[in-house]
Amino acid sequence: MSEAAVAHYLDQYARLPQSAPVWLNGIRAAAIDQFRRTGFPSMRQEDWKYTDVRPIIKRNFLSVAAGADAARPELLDGYTMQAWDCHELVFVNGSCRSAYTHIRDLEQGVILRSLAEVLRHDATGIQPYFEQVHAKSQSAFDNLNSAFLAEGAYLYVPDGVCIEKPIHLLFLAEQRPEPLVGHFRNLLVLGKQARATVIETYAGADSAEYLTNTITEYTGAASAHLRHYKLQQESLRGFHVGSLRATLGRDSELVSHSLSLGGALVRNNIHAELTETGAAATLNGLYIAGGKQHVDNHTCVEHRVPHTTSAGFYRGVLDGNARGVFNGRVVVHAQAQKTDAQLSNANLLLSSQAEIDTKPELEIYADDVKCSHGTTVGQLDENMLFYLRSRAIDEKTARSLLTFAFAEDVINRIDFKPVRERLELSVAGKLPDTELIRNFMA
Amino acid sequence: MLNINNLHVSIDNKQILKGLNLAVQAGEVHAIMGPNGSGKSTLAGVLAGRAGYTVTAGSVTYDGRDLLTMEPEIRAREGIFLAFQYPVEIPGVNNIYLLKAALNAIRVHRGLSELDAVDFLSLVRNKLKLIKLKEDLLGRSVNEGFSGGEKKRNEIFQMAILEPRLAILDETDSGLDIDALKVVADGVNSLRGGDRAIILVTHYQRLLNYIVPDYVHVLTDGRIIKSGGRELALKLEEHGYDWVREEAAVA
Ligand SMILES: Nc1ncnc2c1ncn2[C@@H]1O[C@H](COP(=O)(O)OP(=O)(O)OP(=O)(O)O)[C@@H](O)[C@H]1O
Ligand SMILES: [Mg+2]
């Protein structure tokens, strides 16, 4: 099956127009070559041990021709964040729709455009970021992403500039007769002391079957500060493979919130390189899955120099026959003394059929470090349930309340109100007695 | 009001209650005393509907209805309230909202209208004065980070708001300072009478100086082996439980 699928994507690649800049064609060619050699990952590979990608492989997703459709996307109203005064780029079925893009009053020197546009006009500025070697640990999906690289968002913030309005990148997938794949490459570049808030939302029409294959590359110079939110609300028949790859310079800070609610089969990767002293990464995550959903979160933080900090805090709620995977890797290299690394992952299993495979992986080669990790898997606390019921609260509401309270531990870490509220709504929407339980929240 | 007849209860095949009899009429206050591990909290848990118990024999009726088949929330709505020996902390669930939801669930069950925010708050203010609970505890998560005494006070505060018909206080006096003890006593005494009844589980006759019970029962090894008036508590305090056990063994 894998050979046929590989052939399918090679064929798709062969049909790509060769309109890109020459250097990009080189990158694409190298990537498809690597893909040809490796094929799709199997569960024999450590990195994919608990996630079977065959449902993705067997579907032969098609790439879309850019700008194919001009009708106003029905999904837009449900997901736009225009009400909160943000810059917004909207991508539909794989390509950017400039008609729905709102970018106003950008600060001096800031660039925010779709990648397709940048590639069409002046791509020299972005070339160095693509030629950075990320060669090791490229998965088949990463290679496909590079091979089909054409669309996404490009943000450049010059030294000392703080972008006041949040930036919302909205990726929508509509119901289509044939299953489509959207390959996105977002490039975020923050100069020294630059600051920005970026929200990525991925959503799809209820019964749409499609694949989102997305990579966000972030480079933060000295003292840059990025708040990054990823709201994964794909259709329950949609597939999602996405990565955030961050490289943090001196005293640079990344606060990431990965919120994974939708999708039939989802893999979220975060890879943070702390390359200079004082760099700090905070990785918060929440995944909620029910039915037959499969959600896999892999995080990896590399502490490469002394005095860097990372804190991972992931929580998962799994119901029905859902399957969760959490793999939190922290590597403290030999020279990275005085590293402070914490990692925690707690899981709530609401049904006896739900499953989670959780594994912290600490690789510590330095001796003067502060590292801690903890993972838990549990059910709702019977004593708490009984306490609530003894106070006249019915069982269903009591369960919802405790589940919501568990998720709130992550949600409360979100200091950007629109995202927090949207998330609370979506989370509460998955539980019974939504209206009632919202009042209870401490 | 409450009739416990020959109640046998086991946990994981271990027999805890072994033929317990107790009848509580409206308006009465009953104190239950007994050594550690004798089954007092088990009894309280069975009455409130905690899971994990197996009733192997006997019956419990409440207003003539089979109590044991009711869900815990229905018992609460029917007027049963348990003040826990160890109130659990519930992070993320707001104390005051829980109380409002509890009160309204009970009111609706009784065919009354729900209290709106204004009426509820004025009720809360009144009871706060009575129970002398620190107001900032209300806005916090249920019992989270409360001191031992604050947790107990919070239980009594809930009781004062919910005005149960049958209140079961499981060692609410343990770990309380003298002032708090009086507060608990005031809370209980203000509920006393009419068609309400109270069961006090305690180790110390000191509480009974403030809440004078109509009956005192001695529970040892899963059974009530002696009952009497207030003076029984004084005698227990002075002489311990051995003489009661011996007496029971002879009889
Ligand atoms: N969940 C349980 N599993 C096993 N044994 C239990 C459980 N709960 C209670 N027991 C046992 O039942 C017996 C009675 O316990 P219970 O808590 O009712 O005692 P108590 O009279 O309230 O004691 P104390 O005065 O110390 O509060 C004890 O031996 C206790 O260990
Ligand atoms: Mg006890």
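Before moving on, here are some points about what is shown:
- Neighbours by Cβ (under 7 Å, 6+ apart or cross-chain): first from the range B:132-147, within 14 Å of chain A (Cβ to nearest Cβ); second aliphatic (A, V, I, L, M) and open to solvent by 10 Å² or more (accessible area, probe 1.4 Å): B:L138/B:I96; B:G139/B:I96; B:R140/A:A442; B:S141/A:A442; B:N143/B:V88
- Condition met for A:N383 (polar (S, T, N, Q) and surrounded by 16 or more Cβ atoms within 10 Å (Cβ to Cβ)): no
- Of the listed requirements (1) in contact with a Lys or Arg (Cβ under 9 Å, 6 or more places away or on another chain); (2) facing chain B (nearest Cβ under 10 Å); (3) not in a loop (DSSP other than H, G, I, E, B), A:A392 misses just one: (3).
To keep it simple, each residue is scored yes or no on (1) open to solvent by 60 Å² or more (accessible area, probe 1.4 Å); (2) among the hydrophobic types (A, V, I, L, M, F, W, C); (3) in contact with a helix residue (DSSP H, G or I) (Cβ under 9 Å, 6 or more places away or on another chain).
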| residue | (1), (2), (3) |
| --- | --- |
| A:D52 | no, no, no |
| A:D77 | yes, no, no |
| A:T80 | no, no, yes |
| A:T101 | no, no, no |
| A:V110 | no, yes, no |
| A:V118 | no, yes, no |
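- Test set (1) without any contact (Cβ under 8 Å) to a residue 24 or more places away in the chain; (2) within 30 Å of A:T197 (Cβ to Cβ); (3) of a type in the set (K, R) - A:R72 fails condition number: (1)
- Residues (more than 26 Å from A:L385 (Cα to Cα), in contact with a helix residue (DSSP H, G or I) (Cβ under 9 Å, 6 or more places away or on another chain) and open to solvent by 80 Å² or more (accessible area, probe 1.4 Å)) located in the range B:127-144: B:K132
- Residues located in the range B:18-40, provided they are within 13 Å of ligand 2 (Cβ to nearest atom) and aliphatic (A, V, I, L, M): B:I32, B:M33
- Qualifying residues in the range A:398-411 (those that are in contact with a Pro (Cβ under 8 Å, 6 or more places away or on another chain) and at the interface with chain B (Cβ under 8 Å from one of its Cβ atoms)) - the one most open to solvent (accessible area, probe 1.4 Å): A:D409
- For the range A:412-434, the set of residues classified as buried (at least 19 other Cβ atoms within 10 Å of the Cβ) and under 16 Å from A:H228 (Cβ atoms) consists of A:I414, A:V419, A:R422, A:L423, listed by residue number.
- A search for C-beta distances below 8 Å between a residue of the range B:21-41 that is over 21 Å from B:V244 (Cβ atoms) and any residue that is of a type in the set (D, E) and part of a loop (DSSP other than H, G, I, E, B), counting only pairs 6+ apart in sequence or on different chains, returns B:A26/B:D195; B:G27/B:D195; B:E28/B:D214.
- Qualifying residue in the range B:62-72 (condition: within 16 Å of ligand 1 (Cβ to nearest atom) and polar (S, T, N, Q)): no
- The one condition in (1) loosely packed, with under 15 Cβ neighbours inside 10 Å; (2) under 21 Å from the mean Cα position of the chain (by Cα); (3) more than 12 Å from chain A (Cβ to nearest Cβ) that B:E150 fails to fulfil: (1)
- Residue match in the range A:47-56 (condition: closer than 17 Å to A:G182 by Cα, part of a helix (DSSP H, G or I) and at pLDDT 90 or above): yes
- Taking the range B:41-81 as the range and being within 16 Å of ligand 2 (Cβ to nearest atom) and facing chain A (nearest Cβ under 9 Å) as the test, the residues that pass are B:G45, B:A48, B:R50, B:G52.
- Of the strands (runs of 3 or more DSSP E) lying entirely inside the range B:1-105, those containing at least 1 residues that are surrounded by fewer than 17 Cβ atoms within 10 Å (Cβ to Cβ) are B:2-11, B:14-24, B:54-62.
- Among (1) among the hydroxyl-bearing types (S, T, Y); (2) within 12 Å of chain B (Cβ to nearest Cβ); (3) over 30 Å from B:E73 (Cα atoms) - the single one A:T358 does not satisfy: (2)
- Cβ-Cβ contacts under 8 Å between residues 6 or more apart (or on different chains), taken from a first residue in the range B:157-176 that is part of a strand (DSSP E or B) to a second residue that is open to solvent by 10 Å² or more (accessible area, probe 1.4 Å) and within 12 Å of ligand 1 (Cβ to nearest atom), are listed as B:D170/B:K40; B:D170/B:S41; B:D170/B:F84; B:D170/B:Q85.
The values are calculated or read from the model by the stated rules, or taken from the named source; none is laboratory data. Owing to the predicted nature of the structure, the values given are computational and were not obtained by experimental measurement. Counting neighbours? That spans all protein chains shown, and the Cβs are built from the backbone with ideal geometry, glycine included. Only protein heavy atoms, including side chains, enter the accessible area calculation; ligands, DNA and RNA are left aside. Shrake-Rupley method; radii C 1.70, N 1.55, O 1.52, S 1.80 Å.
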